[in-house]
1. Can you tell me which residue in region 58-76 is farthest from the chain's Cα centre (by Cα), limited to those that are surrounded by 15 or more Cβ atoms within 10 Å (Cβ to Cβ) and over 30 Å from residue 103 (Cβ atoms)?
2. Restricting to helices (runs of 4 or more DSSP H) lying wholly in region 154-266: which have 3 or more residues that are in contact (Cβ under 8 Å) with a residue 40 or more places away in the chain, assigned by TED's automatic domain parsing to the domain that holds residue 132 and surrounded by fewer than 21 Cβ atoms within 10 Å (Cβ to Cβ)?
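The values are calculated or read from the model by the stated rules, or taken from the named source; none is laboratory data. Note that this is a predicted model, so its numbers are computed, not measured. Cβ: placed from backbone, ideal geometry, glycine included. Neighbour counts: every protein chain shown.
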């Protein structure tokens, strides 16, 4: 019996676990949205105007890469890099469905080539290299194209002497690419080390969720590590850790607040305050607008 057949037999006898049917508060039809945390009903346009953050309880609804870029970059300033880079299926991987089918479905549903969008922009006139992961595309998983695009972005930022911001939202390495996916952890980390040696600023923003190989590499290598409130941040899942250690984990374990309390995150920043916070950090680190440069 092959390994694949063994897993298939076990799957047939496994209990069916159905996902929650409750949609994200910012999904669905109609003009109104109900917060999944506090139950507040708000007009969708008002929710969007508040960066998709609930005014009642501060819950941060999940947003896509396009909206992230709109909230961070100056209007019309974002220029995408490597927009045509597309993943392949080097291992001809197949579980219940083929990897090629999963890629095609994600590309059709999101309009993206892969799980990250990279480019150069300006923030209050200051230059910024920006990478934004999109959880809609196969859970934001990191495959070869994600790793390559981020590496090229970092190298471009180093060459131009730009600060770098990567918005992390990922379940980790993409299992359908095996070792090729895991290699991206070292490749991205190496590019970040060259960026650091050039004495340039790198800020990762950890959003819900940031887990697996992304957490174990570039998400935690920033000069300043920011996180959104209540974001799930970790490597292995809570149940896996508890079963391995055979003990109960603390309340709030793997949340942004827990990590900040224990020194793994520098600051928790609400999405509504992110743009102003980033602008302040860029100015403090000597990143000025082009018009502010004064010839000697």
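1. The extreme case among them is 58.
2. The helices (runs of 4 or more DSSP H) meeting that bar are 178-197.
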